[in-house]
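A short write-up of the structure that comes next.
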Amino acid sequence: MAVTIKDVAKRARVAVGTVSRVINGRTDVHPTLRARVDKAIQELHYRPNLGARNLGRNSSPILSFILSNRSFTHPFHAHILQGVEEYCERFGYFVLFARFDYSGETSPSLLRLPGVLQSHGIADCVILSGTNYENFLVALDGLGMRHVRLGNNTADAENRPPGDQVRFDDYGGLREATRHLIELGHRDIWFIGDTSFPWVRTRHAAYRHEMSEAGLEPRGFTTGLASDPFMNGLNSVDFILEKRYPVTAMICANDDNAYGAWQALDQHKLEVPGDVSLIGFDDQHGPLRMPPLTSVKVKTKEVGWELARMAIAKITSGGMTLPEVVISTNLERRGTCRPPIAHRGERVGDSEHDFALESKAK
C-alpha cells in the first residue's frame, strides 16, 4: 500500500497541515518540526503526489540542476545549463541550480545532499551534470527521487542500464578527429589525456581503434601529471619533446589539455600547425591570446535541451525509465591542422609503452 501524507504525519507526530507546509517549501514551520517531518519522509520513502503538490504551492513543476564536482564557471556545463533553462522556459518549468562536491568513496547513506534534495517536495526531477558517481545515484534512488543524468560524466555506473541519460558521441567524434589527421598524411599522432577519467578512456579507445585500423602505431601520454587539465597538457608535451619522441600531430582529450599542449609547443619553439598539428575536444573558448582550435564540437545546448525534455518526460510518465539519447558530435576545422612537412625526432621504441607513460587506471 502506498504511503500517504497521513502516515508521514503520524510517524512525525505532527498535524497533516504541518507535513503539507514542509512538502511545499513553506518557511513558517519550526525547525524541530521540519526535521521530524523530513526524517519521517525519508524513513517511509514517501513521495508526494505531483498534482496535489503543484496545486498546493500554486506554481509550475520544478527541476533541479545539480552540478557535481565542478566550479560555477566551468563553461561546458554552464552551456548545458543554459540549454536546460531555455527548454524549461518554453514549457513553463522552473529550474533550481545547486552545486554538490562529494567523494565517490562515501557511503550513499553518509552523503550530505544539497538542501534542494533534503527538502522533500521541492524538486520534481533532478538533472545531474558535472562528474557523478554511483553512490549519489544510489542515494537518490533511496529517496525515491526521479533523476536523469549526463551519461558521459557518470564515473562508475557501468553496471547500470543506459536509460534515463543523455550522452554525446565522444567516441565517434574522436574517431573522426583521428581519421582527419591520418588523411592529412600524419603517422606520428599522439593522444594526450589522463585516462584515470572514464570519459578520457572512451576517447583514448576511439583513437587507438582508428590508428589500428590504419595500421599505425598508437602513441599516448595518458598519465595525469597535474590535476589541472591545462597544466597536464603542458607537462605531458614537455615530457614528449624532451625525450625527442617523433611527433607531427596531437589529439587532446579536451580543449584545456590542448591549450596547455600548445603552450608547451610554443615554449619549445614549435609552431601550430607548421610543426605540429593540434586537435582538442569540447569546442570551448580558450585563452583570449590563443587562436581557436580545431576541435570536436559537442552541442552543449542541445544536450541541455534533451536533458530537460527527458526530465519532464520522467515527471509526466510517473517515473518510467526512459531510453538513452545520444547527441552527435562533429569536427570543427579551424586551421590548427595541416599535412606534415617532416618527422621530428627519432624512433626509440616499438610499442606505445615505449613512447609514453600509460595510466594504470583502466
Going through the range 158-168 in order, the residues found to be surrounded by 19 or more Cβ atoms within 10 Å (Cβ to Cβ) and assigned to a loop (DSSP other than H, G, I, E, B) are D164
Output yes when any residue across the range 188-199 is assigned to a loop (DSSP other than H, G, I, E, B), farther than 27 Å from E324 by Cβ and without any contact (Cβ under 8 Å) to a residue 12 or more places away in the chain, and no when none is. no
Collect the residues in the range 126-183 that are hydrophobic (A, V, I, L, M, F, W, C), over 14 Å from the mean Cα position of the chain (by Cα) and over 27 Å from C88 (Cα atoms), keeping them in residue-number order. L174, A177, L181, I182
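Quick grid of which residues meet (1) crowded, with 16+ Cβ neighbours inside 10 Å; (2) without any contact (Cβ under 8 Å) to a residue 40 or more places away in the chain; (3) not assigned by TED's automatic domain parsing to the domain that holds K39:
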site	(1), (2), (3)
P75	no, no, yes
A98	yes, yes, yes
Y102	yes, yes, yes
G115	no, yes, yes
A123	yes, no, yes
G130	yes, no, yes
E134	yes, yes, yes
L140	yes, yes, yes
R146	yes, no, yes
For the range 203-230, how many residues are assigned to a helix (DSSP H, G or I) and at pLDDT below 95? 2
Counting only residues in the range 237-261 that are more than 13 Å from W190 (Cα to Cα) and in contact with a strand residue (DSSP E or B) (Cβ under 6 Å, 6 or more places away or on another chain), the one surrounded by the most Cβ atoms within 10 Å (Cβ to Cβ) is identified as N254
Here are some conditions: (1) under 21 Å from R146 (Cβ atoms); (2) at pLDDT 85 or above. R70 meets all but one. Which one does it not meet? (1)
Single residue of the range 266-288 satisfying the filter (farther than 21 Å from Y207 by Cα and at pLDDT below 90) that is surrounded by the most Cβ atoms within 10 Å (Cβ to Cβ): G286
Among the residues of the range 269-317, the number that are farther than 20 Å from F94 by Cβ and in a loop (DSSP other than H, G, I, E, B) is 20
Determine whether F191 is surrounded by 22 or more Cβ atoms within 10 Å (Cβ to Cβ) and more than 19 Å from the chain's Cα centre (by Cα). yes
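The values are calculated or read from the model by the stated rules, or taken from the named source; none is laboratory data. Since the structure is predicted, the reported quantities are computational estimates derived from the model, not experimental observations. Neighbour counts are summed over all protein chains in view; Cβ atoms, including those assigned to glycine, are modelled from backbone coordinates with ideal geometry.
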